[in-house]
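The structure appears right after this line, and notes come after that.
The values are calculated or read from the model by the stated rules, or taken from the named source; none is laboratory data. Values in this document were obtained by computation on a predicted structure and should not be read as measured data. Here the Cβ is made from the backbone with ideal geometry for all residues, glycine too, and neighbour counts use every protein chain on show. The accessibility values were calculated without ligands, DNA or RNA, using every heavy atom of the protein model including side chains. Shrake-Rupley method; radii C 1.70, N 1.55, O 1.52, S 1.80 Å.
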Amino acid sequence: MTLHLQSNSYPPPFRRHSPVPQPQPSYVSGSPARKLDDDSGTDPIPVVDLGSLDQGELREACRGWGLFRLVNHGVPQTLLTMLQEHVGRLFSLPFEAKQQGLFGSPLSYFWGTPALTPSGSALGMGPGQDRINWVEGLNAPLGQLSQLRAHDPLLASFRDLLQEYGAHLGRIATSLFPAMAEDLGLDQEQKDSYLSESTGFVRVYRYPCCPTGSGNNNWGMDVHTDSSVLTILCQDLVGGLEVSREGEWIRVRPIPGTLIVNLGDMMQAISNDEYKSAIHRVRISERHDRISIGYFVFPGEGVVIRSSNYQPFKYSEFRAQVQMDVKMLGFKVGLERFKIKPNSDDNNNNNNNNNNNSKGISSHFQG
């Protein structure tokens, strides 16, 4: 993918730091010599083969990592390539046009923070929270894409590609979750309601490059967990995603033809903490913009999640609590808000404990 990117496509705070980036290969078309993220050495990320799903491998990845690399997923490589290229072209448009609603409803543009309201607009942060993430993005609710009146051929093509991609990702999510539910011993009602394809949406991200020493800490996204049941990520070859495991940060290398699946907070609650919500972050590149496409899926509307470690709650209640914490505190407390404490005194002191234990987790959440 060769783009003629102009500095005016970046949000203003990024322009003084971001040179015009070097051309980068697309998701699947780059030869090994052009890969931007070094692929030497053994890849430690567990691999799950959707074509011949092994229950033991899936269980180990979910319980030990909360993240795995998915192969034989059935998404055409041509679709991945075209979608990546369209995303790059859309982000290369002038920032002012993007900010003023160029894309139109139901798409929404954001930058500087991944914390969004249910409508997809950036959520205001707590007092003194002036740090920005080196990212811009588009929020696309899949169930509403048919409402997009795209007069521009590029946007119309992007809509069609997203709809096709969303159908594939819905298939993947509804193939993986029953195997996870079986491992966890969920009943049929829980299997049918704890993941609903109708809740799925896509967020596409561009992480502008930023040279070391330019005053930026090189984080496209701070340390965070996702709020979803499942997140499925398609990333280009630039790299930057890192996952925390047993106190160590491990690089999640981009490997053509694979997708990355990570578990979110809802999956951890559903599993009664047997599965892990992956703690991860995104490091930005010094020379190349990074493109990634995330698919997020949640429990059905109004479904109550029940497990012995948490108070019964709906995702909508979880989302509202996260939004309140981000506005008031500047960070996401998350599942700790719903954790069952040993006694009522602990519950009364919940806020103080949560604040002390959660400051390392950023405000990133979905919905």
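The combined condition, being among the polar types (S, T, N, Q) and modelled with pLDDT under 85, is not fulfilled by GLN144. Inside region 212-240, residues that are open to solvent by 10 Å² or more (accessible area, probe 1.4 Å) and either modelled with pLDDT of 95 or more or touching a strand residue (DSSP E or B) at 6+ places or on another chain (Cβ under 8 Å) (or both) make up a count of 8. Of the residues making up region 178-211, just one is open to solvent by 30 Å² or more (accessible area, probe 1.4 Å) and of a type in the set (Val, Ile, Thr), namely THR199. Scanning region 278-318 for residues that are open to solvent by 10 Å² or more (accessible area, probe 1.4 Å), in a loop (DSSP other than H, G, I, E, B) and not aliphatic (A, V, I, L, M) returns SER285, GLU286, ARG287, HIS288, GLY300, GLU301, GLY302, SER308, ASN309. Take the residues of region 144-159 that are loosely packed, with under 14 Cβ neighbours inside 10 Å and of a type outside the set (Ser, Thr, Tyr): which is nearest to LEU53 (Cα to Cα)? The qualifying residue nearest to LEU53 (Cα to Cα) is GLN144.
Among the residues of region 110-131, are any under 24 Å from HIS288 (Cα atoms), of a type outside the set (Gly, Ala, Ser) and open to solvent by 40 Å² or more (accessible area, probe 1.4 Å)? Within region 110-131 (the criterion being under 24 Å from HIS288 (Cα atoms), of a type outside the set (Gly, Ala, Ser) and open to solvent by 40 Å² or more (accessible area, probe 1.4 Å)), the answer is yes, since at least one residue qualifies.
Give me the pairs, please: first residue somewhere in region 139-159 and within 20 Å of MET82 (Cβ to Cβ), second residue anywhere and open to solvent by 20 Å² or more (accessible area, probe 1.4 Å) and among the charged types (D, E, K, R), beta-carbon distance under 7 Å, and either six or more positions apart or on two chains. Here the result reads LEU145/ARG159; LEU148/ARG159; ALA150/ARG159; LEU154/ARG89, each pair linking region 139-159 to a residue that is open to solvent by 20 Å² or more (accessible area, probe 1.4 Å) and among the charged types (D, E, K, R).
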